[in-house]
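The values are calculated or read from the model by the stated rules, or taken from the named source; none is laboratory data. As the structure is a computational prediction, the values presented were derived from the model and not from experiment. Note: ideal-geometry Cβ built from the backbone for every residue, glycine included; neighbour counts use all protein chains shown. Keep in mind that these areas ignore ligands, DNA and RNA; they rest on the heavy atoms of the full protein, side chains included. Shrake-Rupley method; radii C 1.70, N 1.55, O 1.52, S 1.80 Å.
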Amino acid sequence: MSTSDHPAAPASFSVAVADVELEADDLDPEQIVSGEPVVTGKVLWESADGKQVRGIWQITPGVVTDVEANELFVVVSGRATVEVEGGETLEVGPGSACVLREGDRTTWTVHETLRKAYHISY
């Protein structure tokens, strides 16, 4: 099958995750528990209906809260502890593959600037 058989499918591509230049991303000040974390990211691909997003995301040290989407990510660099309210505490670092459930309430303690490649389904 060729990509012309699947017009909605993204073109195949490859990027060096560590080298992708990221853009400033807003972090709601109410999410910050401690420190002065800065978030940057880059969407590499998004489906036409906005229900699938693939990209790279980075956060500097600090503690933040979040409500998660349905996400699979792989950590490329850095370390963090992700506490899932009412669930597991996840220690993630280079090479960690992590799945977060939509609606999970999390607290991220970022020990070293963390960069991840992700796929989110809405």
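Summary table
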quantity: Where the chain is the region considered: accessible area per residue in Å², 1.4 Å probe; calculated: 61 Å²
quantity: The chain, accessible surface, carbon-and-sulfur percent (1.4 angstrom probe); calculated: 49 percent
quantity: Packing-based ranking, highest mean first, of 16-24, 95-103 given that Cβ atoms within 10 Å are counted; calculated: 95-103, 16-24
quantity: Among Ser12, Ser47, Ser34, residue whose mean-square fluctuation peaks in a GNM of the chain (springs only between Cα atoms under 10 Å); calculated: Ser12
quantity: Top of Pro29, Pro94, Pro61 by mean-square fluctuation, Gaussian network on the chain, Cα under 10 Å; calculated: Pro29
quantity: Cα principal axis extents for the chain, largest first, Å; calculated: 49, 31, 26
quantity: GNM top mover of Val15, Val43, Val33 - the chain, alpha-carbon springs below 10 Å; calculated: Val15
